[in-house]
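First the structure, in the form of structure tokens, and then the observations on it.
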Amino acid sequence: MPTLTTRWLFADQLGPQFLDTPDQPALLVESLAVFRRRRFHRAKAHLLLSGLRHRALELGEQVTYVRADTYDEALEQVDGPLSVVQPTSYAADRFVRERGIEVVPEGRGFATTREDFGAWVSGRKRLLMEDFYRWQRTRFELLMEGSQPVGGQWNLDHDNREPPPRRETLGLVDPWLAVEDDVDAGVREDLDRWVRDGLVSFVGDDGPRWAPVTREEAQQALAHFVEHRLRDFGPTEDAMLARDPWMAHSALSPALNLGLLHPLECVHAAEQAYRDGLAPLGSVEGYVRQVIGWREYVWSLYWHFPPDYRRRNALQARTDVPEWFRTLDADGQVTANCLSSVLRDLRERGWVHHIPRLMVLGNWALQRGWDPAQVTAWFHEVFVDGYDWVMLPNVTGMSQHADGGLMTTKPYAGGGAYINRMSDYCRPCAYDPKVRVGPTACPYTAGYWAFLDRNADRLAGNSRMRQPLLGLQRLKDREELVEQERGRGDSPP
Ligand SMILES: Cc1cc2nc3c(=O)[nH]c(=O)nc-3n(C[C@H](O)[C@H](O)[C@H](O)COP(=O)(O)OP(=O)(O)OC[C@H]3O[C@@H](n4cnc5c(N)ncnc54)[C@H](O)[C@@H]3O)c2cc1C
Ligand code: SF4
């Protein structure tokens, strides 16, 4: 039997599937330089270190655990050949290949290989998530009856876009939340010391770790979601409530992205719940679509898009991301209730669900013409589930439209009316979502029109923007509105 190489496990490769056999020797590296280069959310640094250290404890003598400044310095301390499962970023991929480390080609944290996607995409005239999703459902036989979708429809989104109920919370039990242990206490001590010594700085609160960092914790979190929350997932998927940050979302993205759960195990568990009569089809289909559709699509597009994708700036957005946003409104300067609530939730947990990301945070950056590369880097730093592969398509593409429409057919810009319909943020807000100009003008509503005004020429050829641009032409207070928004500059709304 050939000797197995030592497997270098990156911090997002913490599940058992990243070893070829349970007793394969492993290398784990804690690099301080990773945290020095960027100003991460403290909860993210905590999660990654806690994950690495818990994995080291599980692997015991099988693991070489190196603490070093850079990866190169760590590698100097390691003997013998190394192998690594396909890293999840271009930078890490380049790093290991340049140093002659053997790369095991398949992703192992995903259900779709680059070859799978290559075969699907070849000869296609259009790239549509819906087409990809149906292909995934069919080849993995998920929610299928023969060649047809269970219930006769592929997409139950029309049942899943409801506004929130008129109460403060959905009234569900919280998602599975971690209980910290001695390893977490050690991580906290180290982070405090590094900050005190001026080696690193973070944004966000030092809240308790809530996301799983071990396989066992991740399995508990998945089982808890399927049993207690999946049935309510669908209808309020897009809704927001100021006092209910989790809504019925799974909060499993950190565990999935650390490699602690496999996407197929998540969707199989959800399908089983449907077949056992524990969750309705709308909710289960909605969840399956997110995991085996969106997540796999985003992962595949990361590798499929051309290497210059990260530098795209189709809307010529050049404004720097301001400090009050970078620090998650730590000084409480934001008046707009939606933005201040979402930044507070993000400060507390390093996580908010997909609609606050897209329609509150991303929408604001898009409206204000912030540099998409800076916005993408910011999302990467402050979200506990943020990694390069997930950021480029979601932020550069979907949220900031910097790719000019490769990812989505029109920019995700929206005014206060959308936020008002889908949340309870507007009622207590100092602004009025229906007002465009004046002291009570909603900055999202005014910002939407100012965005259209600034980009009218660039968007003129987009048929899906024809109606909004016609609306802009009909605005009687257009000049006044544009002047008002120019005056707002970068100040917190
Ligand atoms: C601007 C923007 C930035 C985002 N940044 C991230 C990120 O850094 N990391 C991340 O994992 N997701 C990101 N997403 C996707 C999505 O918002 C999160 O996956 C989701 O909110 C995580 O919470 P959850 O686990 O409760 O998700 P649920 O609502 O329970 O959804 C189930 C799962 O679907 C997957 N998923 C759904 N949509 C996407 C998507 N577009 N891309 C990747 N996975 C998806 C996630 O793994 C998630 O756990 C981003 C979306 C937008 C619009
Ligand atoms: S009125 Fe405007 S700023 Fe205030 S919460 Fe609603 S959308 Fe946000």
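The values are calculated or read from the model by the stated rules, or taken from the named source; none is laboratory data. A quick note: this is a predicted structure, and the numbers were derived from the prediction, not measured. Counting neighbours? That spans all protein chains shown, and the Cβs are built from the backbone with ideal geometry, glycine included. Surface accessibility is based on the protein's heavy atoms, side chains included, excluding ligands, DNA and RNA. Shrake-Rupley method; radii C 1.70, N 1.55, O 1.52, S 1.80 Å.
Only one of 310, 289, 326, 318 is surrounded by fewer than 23 Cβ atoms within 10 Å (Cβ to Cβ), under 19 Å from residue 393 (Cβ atoms) and basic (Lys, Arg). Can you tell me which?
310
Take the stretch 395-431 and flag every residue that is over 20 Å from residue 467 (Cα atoms), more than 15 Å from ligand 1 (Cβ to nearest atom) and among the hydroxyl-bearing types (Ser, Thr, Tyr).
423, 425, 431
Check whether at least one residue in the stretch 310-327 is within 16 Å of ligand 2 (Cβ to nearest atom), touching a residue at least 24 places away in the same chain (Cβ under 8 Å) and more than 20 Å from residue 129 (Cα to Cα), and report yes or no.
Checked against the condition, which is being within 16 Å of ligand 2 (Cβ to nearest atom), touching a residue at least 24 places away in the same chain (Cβ under 8 Å) and more than 20 Å from residue 129 (Cα to Cα), the stretch 310-327 yields at least one hit.
If we only count helices (runs of 4 or more DSSP H) wholly inside the stretch 372-432, which ones have 1 or more residues that are more than 16 Å from ligand 2 (Cβ to nearest atom), surrounded by fewer than 23 Cβ atoms within 10 Å (Cβ to Cβ) and touching a residue at least 12 places away in the same chain (Cβ under 8 Å)?
By residue number, 372-382, 388-391.
Being among the hydroxyl-bearing types (Ser, Thr, Tyr) and in a strand (DSSP E or B) is the filter; apply it to the stretch 46-79 and report the residue that is surrounded by the most Cβ atoms within 10 Å (Cβ to Cβ).
Of everything passing the filter in the stretch 46-79, 64 is surrounded by the most Cβ atoms within 10 Å (Cβ to Cβ).
Among what's in the stretch 116-143 and is open to solvent by less than 20 Å² (accessible area, probe 1.4 Å) and of a type outside the set (Lys, Arg), pick the residue that is farthest from residue 292 (Cα to Cα). Even if it seems obvious, please write down each step before you answer.
Filtering the stretch 116-143 for residues open to solvent by less than 20 Å² (accessible area, probe 1.4 Å) gives 117, 120, 129, 132-133, 136-137, 142-143.
Then keep just the ones that are of a type outside the set (Lys, Arg); that gives 117, 120, 129, 132-133, 136, 142-143.
Details: 117: 13, 120: 15, 129: 11, 132: 9, 133: 7, 136: 7, 142: 9, 143: 12 Å.
Filtering the stretch 116-143 for residues that are open to solvent by less than 20 Å² (accessible area, probe 1.4 Å) and of a type outside the set (Lys, Arg), the one farthest from residue 292 (Cα to Cα) comes out as 120.
Among the residues of the stretch 344-359, what is the count of those that are over 14 Å from the mean Cα position of the chain (by Cα) and within 14 Å of ligand 1 (Cβ to nearest atom)?
1
Which one is most open to solvent (accessible area, probe 1.4 Å), of the residues in the stretch 292-303 that are among the hydrophobic types (A, V, I, L, M, F, W, C) and within 11 Å of ligand 1 (Cβ to nearest atom)?
Applying the filter and picking the extreme gives 294.
What about residue 356, is it under 23 Å from residue 238 (Cβ atoms) and in contact with a helix residue (DSSP H, G or I) (Cβ under 9 Å, 6 or more places away or on another chain)?
Yes.
Please find, within the stretch 452-493, the residue that is nearest to the chain's Cα centre (by Cα) out of those that are part of a helix (DSSP H, G or I) and among the basic types (Lys, Arg).
Once the filter is applied, the top-ranked residue is 464.
Residue 445: near ligand 1 (Cβ under 10 Å from one of its atoms), open to solvent by less than 30 Å² (accessible area, probe 1.4 Å) and not aromatic (Phe, Trp, Tyr), yes or no?
No: the conditions fail for residue 445.
Quick one: residue 352 ticks every box in (1) open to solvent by 10 Å² or more (accessible area, probe 1.4 Å); (2) in a loop (DSSP other than H, G, I, E, B) bar one, so which box is it?
(1)
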